[in-house]
Amino acid sequence: MFAVPLQTPGDESAHLRPLEPWQASEFLAHMDRGRQYIGTYIGLPDVVTDAESARSFLRSYADKQAADTGRIYGIWLNGTLVGGVLFRTFDATTGTCEAGCWLEPSAVGRGLVTQAVRTIVDWAVEERGMHRIEWVVSAGNAASIKVARRLGMTRDGVLRQSYPYRGVRHDMEVWSVLAPEWRQAGSGASDAVV
């Protein structure tokens with residue numbers, strides 16, 4: 001299995017690597033540590049509630065990867081799973097995909113998500129020929145919006161009250177970057193082997 005190193009302040013060790021069904025118990029433990037924080041804007045903690053649901057969720061992404069319609073990767077900090085990035089959708093025919101992320105509170109503020117997303121987007125553009133990478137985020141999720149900006153994405157628009165979540169309808173911002181913009185900005189990661 002490959003692991004792509006991520007830079008951290010200080011002497012911490014961080015890596016991005018595939019997140020697979022055999023890691024369900026580690027994934028569940030991670031979700032339990034960050035459940036409330038992660039669940040502020042995304043429904044992942046509501047889906048991953050026990051060992052079987054953790055395995056099922058990771059299996060669904062293994063199936064997506066086999067069908068070339070999605071992928072999921074974990075972020076490990078000092079040997080502990082602390083978050084992840086994914087291609088929620090991946091359509092090689094149209095050249096469009098949607099990237100996403102999550103992180104538990106203990107790993108916030110280190111730039112891990114930005115680096116990890118940069119790595120997978122670079123792979124999608126340079127290796128797979130994807131043309132448009134989307135980022136869909138709750139308008140209230142300032143941290144995720146900052147990631148989109150750091151990645152050089154453009155805000156395409158707002159889908160007003162389009163996401164009903166935990167009894168509230170959220171406005172969702174759609175951000176994107178196109179392959180020519182990505183290349184021109186030099187946003188690519190140097191060791192993107194996904």
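The values are calculated or read from the model by the stated rules, or taken from the named source; none is laboratory data. Predicted model, so just to flag it, every value in this text is computed and none were measured. So basically every Cβ, Gly included, is an ideal-geometry build from the backbone, and we count neighbours across all protein chains shown. Quick note on the areas: whole protein, heavy atoms, side chains included, nothing else; ligands and nucleic acids left out. Shrake-Rupley method; radii C 1.70, N 1.55, O 1.52, S 1.80 Å.
Couplings 3J(HN,Hα) for the range 87-102, derived from phi with the Karplus relation 6.51 cos²θ - 1.76 cosθ + 1.60 (θ = phi - 60°), are 9, 4, 10, 8, 10, 5, 5, 8, x, 10, 9, 10, 9, x, 7, 7 Hz, where x marks Gly and Pro.
I need the trypsin sites (Lys or Arg not before Pro) found in the range 88-129, filtered to DSSP loop residues with at most 11 other beta carbons within 10 Å of theirs.
Values: sites: R88, R110, R118, R128; in loops: R110, R128.
When the trypsin sites (Lys or Arg not before Pro) of the range 88-129 are filtered for loop state and at most 11 Cβ neighbours within 10 Å, nothing remains.
How much FRET efficiency would the formula 1/(1 + (r/R0)^6) give for Q184 and R88, where r is the Cβ-Cβ distance and R0 is 35 Å, rounded to 0.05? With a Förster radius of 35 Å, E is 0.85. Straightening the chain between A66 and E12 buys 16.1 nm, computed as 0.36 nm per residue apart minus the Cα-Cα spacing. Using a Gaussian network model of the chain in which every pair of alpha carbons under 10 angstrom is joined by a spring, one finds that among Y73, Y163, Y41 the greatest mean-square fluctuation is at Y163. Averaging Cα coordinates gives a centre for the range 106-180 and one for the range 3-54; these two points are 18 Å apart.
What you get for the range 1-43, charging only the Cβ of Lys and Arg (+1) and of Asp and Glu (-1), is a dipole of about 140 debye around the Cα centre. Summarising the amide proton neighbourhood of Y165: residues at separation of 5 or more, or on other chains, whose placed amide H is nearer than 5 Å comprise H170. Computed over the chain with a Gaussian network model linking Cα atoms closer than 10 Å, the most mobile of A54, A107, A116 is A107. Per residue, the accessible area of the chain comes to 48 Å², computed with a 1.4 Å probe over protein heavy atoms only. Between the entries (1) 1.13; (2) 0.96; (3) 0.94, the label attached to Rg/Rh (Cα atoms, Kirkwood Rh) calculated for this structure is (3). Multiplying the residue separation of Q36 and E126 by 0.36 nm and subtracting their alpha-carbon distance yields 28.8 nm. Our coupling estimate for the range 64-78, obtained by passing each phi through the Karplus curve with A = 6.51, B = -1.76, C = 1.60 and θ = phi - 60°, is 4, 5, 4, 8, 6, 10, x, 7, 9, 9, x, 10, 10, 10, 6 Hz, Gly and Pro reported as x. When only the Cβ of Lys, Arg, Asp and Glu is charged (+1, +1, -1, -1), the dipole of the chain relative to its Cα centre reaches about 440 debye. Rolling a 1.4 angstrom probe over the chain with all protein chains present gives an accessible area of which 50% lies on carbon and sulfur atoms.
Ordered from highest to lowest accessible area with the whole protein assembly present and a 1.4 Å probe, D50, D122, D68 read as D50, D68, D122.
Rounded to the nearest 5, what is the percent of antiparallel bridges among the DSSP beta bridges in the chain?
Working: 38 of 42 bridges.
Percent antiparallel among DSSP bridges in the chain is about 90.
3J(HN,Hα) along the range 10-15: x, 10, 6, 10, 10, 9 Hz, from the Karplus curve 6.51 cos²θ - 1.76 cosθ + 1.60 with θ = phi - 60°, whole Hz, x for Gly and Pro.
Net charge dipole, the range 39-147: roughly 200 debye, given to the nearest 20, about the Cα centre with Cβ charges of +1 for Lys and Arg and -1 for Asp and Glu.
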